[in-house]
1. Here is a list: LEU308, LEU313, LEU224. Which entry is within 16 Å of ligand 1 (Cβ to nearest atom) and open to solvent by less than 10 Å² (accessible area, probe 1.4 Å)?
2. What are the residues in the stretch 114-129 that are surrounded by fewer than 17 Cβ atoms within 10 Å (Cβ to Cβ), in contact (Cβ under 8 Å) with a residue 24 or more places away in the chain and part of a loop (DSSP other than H, G, I, E, B), if any?
3. Only residues that are open to solvent by 10 Å² or more (accessible area, probe 1.4 Å), farther than 26 Å from ALA287 by Cβ and either modelled with pLDDT under 95 or not in a helix (DSSP H, G or I) (or both): list them for the stretch 321-361, please.
4. Is it the case, given these coordinates, that LEU266 is surrounded by 20 or more Cβ atoms within 10 Å (Cβ to Cβ) and either away from ligand 1 (no atom under 16 Å from the Cβ) or over 30 Å from THR322 (Cβ atoms) (or both)?
5. Consider ASN300 against the criteria (1) more than 16 Å from ligand 2 (Cβ to nearest atom); (2) open to solvent by less than 20 Å² (accessible area, probe 1.4 Å); (3) closer than 23 Å to THR22 by Cα; (4) of a type outside the set (Lys, Arg): it satisfies all of them except one. Which criterion is unmet?
6. Go through (1) open to solvent by 60 Å² or more (accessible area, probe 1.4 Å); (2) assigned to a strand (DSSP E or B); (3) touching a Leu at 6+ places or on another chain (Cβ under 9 Å) and name the single condition LEU177 misses.
7. If we scan the stretch 165-172, do we find a residue that is among the β-branched types (Val, Ile, Thr), closer than 30 Å to VAL30 by Cα and either open to solvent by less than 10 Å² (accessible area, probe 1.4 Å) or without any contact (Cβ under 8 Å) to a residue 60 or more places away in the chain (or both)?
Amino acid sequence: MRTQVGIIGAGPAGLLLSRLLTLQGIDSVVLENRSRSYVEARIRAGILEQHSVDTLTAAGLGDRLHREGLEHRGIYLQYTGTRHKLDFPELCGRTVWVYGQTEVVKDLIAAQLDGGPPLLFEVSDVTPEDVDTDSPRIRFTDADGVPQVLGCDVIAGTDGFHGVSRPVVTERTEGRLWERTYPYAWLGVLADVAPSTDELIYAWHPDGFALHSMRSPSVSRLYLQVDPAEKIEEWSDDRIWTALATRFSLDGWELETGPITEKSVLPMRSFVSAPMRHRRLFLAGDAAHIVPPTGAKGLNLALADVTLLATALVRLLRERQTDLVDDYSDRALARVWRCTHFSWWMTSMLHRSGDDFDAELQLSQLRRVCSSEAAARELAENYTGLPIDD
Ligand code: FAD
Ligand code: DHB
């Protein structure tokens, strides 16, 4: 087997990269170690920045997004009995969209299987080789158990945080890793109940942070700050709804409840690995960086990375020019650190650490964001997404 770009991992990063390359006449093959149904069912992020929507739309993937996605013009910040709306179009002229990562992935897979380049599920033993040369290879075992070798011009490692690509880059470069773990986790639930709010609510509460999001007019997505060691079995549906109602409570407002269809505990960490390239192996998305979920940056950052990478690879493979691939890691990392800062800042402002001095600083910061247009604009610009080339 031979292709121009061998892509490891069929998450949003790998699938969008393959799509963007196809539109520019560059061949690729995507190798995924899970099944199609597993990849399409994984519940993860839900908010798309303006640039993500624009990129998906320009790539011919906007039909269902525009039909079923929900455009949101702001968020509420809630603390000590007040709920304050930040109006994004007024503050920065941009909006965001609620459209689940599962839906983005389904749209990308459908486009790929509809005459797009090969997408192989349930492969195993994936190993990038000869990445120091101009003809790297990926060894793998296909779904029928047959060993295969995929020869490529370039390999894209879009295989997420636990993938095989990052260690290959780290081993061969004088790279650096930065990591911050947080003493919090999110308990996330999906519930068959209409959202009780028009915009997302980010709530500071003495018991801990809570977030009211949604997936559709009839499905709510809600999160509670919990201890990272918390066992999901100890959270009955009743306990979850009671904690959510307490943390969102506001005079004259009520949280509607309904059947919970999915619940899980998500750890929170910041992680950055640099550089994002070694010779012919390029990293993008969670393979190179992780942000805590507060502020909804993870998915958007993965899509932004591959938007940059696709342009750089087209220039390399069609025009034989190396300038953009040489700049890729630095340009991507500038955005990664901006989003890393924003996610850390939102996390630090909203989660209860147990320290009362921290709590007063958080409340002071929340009052500032809700009373100063400049402070609100800073949040709005970051939340709705800075331009890819910023
Ligand atoms: P991934 O989506 O992880 O895709 C990587 C793909 O590579 C996967 O399909 C994996 O199966 C495959 N793979 C791995 N190893 C191999 C291998 N050896 N060979 C072949 N294939 C391989 N972000 C937010 O903004 N908001 C959220 O609410 C949010 N919630 C999240 C909840 C969870 C549980 C997790 C894990 C992440 C969440 N994120 C959230 C982050 C967001 O989902 C990720 O940033 C996003 O999925 C990154 O996309 P990606 O394509 O880089 O990586
Ligand atoms: C969602 C997740 C986030 O991390 C966030 O900040 C907003 C919304 C969500 O899953 O809907």
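1. So the residue among LEU308, LEU313, LEU224 that is within 16 Å of ligand 1 (Cβ to nearest atom) and open to solvent by less than 10 Å² (accessible area, probe 1.4 Å) is LEU224.
2. PRO118, GLU122
3. Selection gives ARG352, SER353, GLY354, ASP355.
4. no
5. The number of the failed condition is (1).
6. (3)
7. Among the residues of the stretch 165-172, at least one is among the β-branched types (Val, Ile, Thr), closer than 30 Å to VAL30 by Cα and either open to solvent by less than 10 Å² (accessible area, probe 1.4 Å) or without any contact (Cβ under 8 Å) to a residue 60 or more places away in the chain (or both), which makes the answer yes.
Yes or no, residue by residue, for (1) over 22 Å from LEU309 (Cβ atoms); (2) in contact with a strand residue (DSSP E or B) (Cβ under 6 Å, 6 or more places away or on another chain); (3) away from ligand 1 (no atom under 16 Å from the Cβ):
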residue	(1), (2), (3)
THR3	no, yes, no
ARG36	yes, no, no
ARG44	no, no, no
HIS84	yes, yes, yes
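The values are calculated or read from the model by the stated rules, or taken from the named source; none is laboratory data. Quick caveat: nothing in here was measured; it's all calculated off a predicted structure. Virtual Cβ from ideal backbone geometry, glycine too; neighbours counted across all protein chains shown. To get the accessible areas, we keep the full protein, side chains included, count just its heavy atoms, and leave off ligands, DNA and RNA. Shrake-Rupley method; radii C 1.70, N 1.55, O 1.52, S 1.80 Å.
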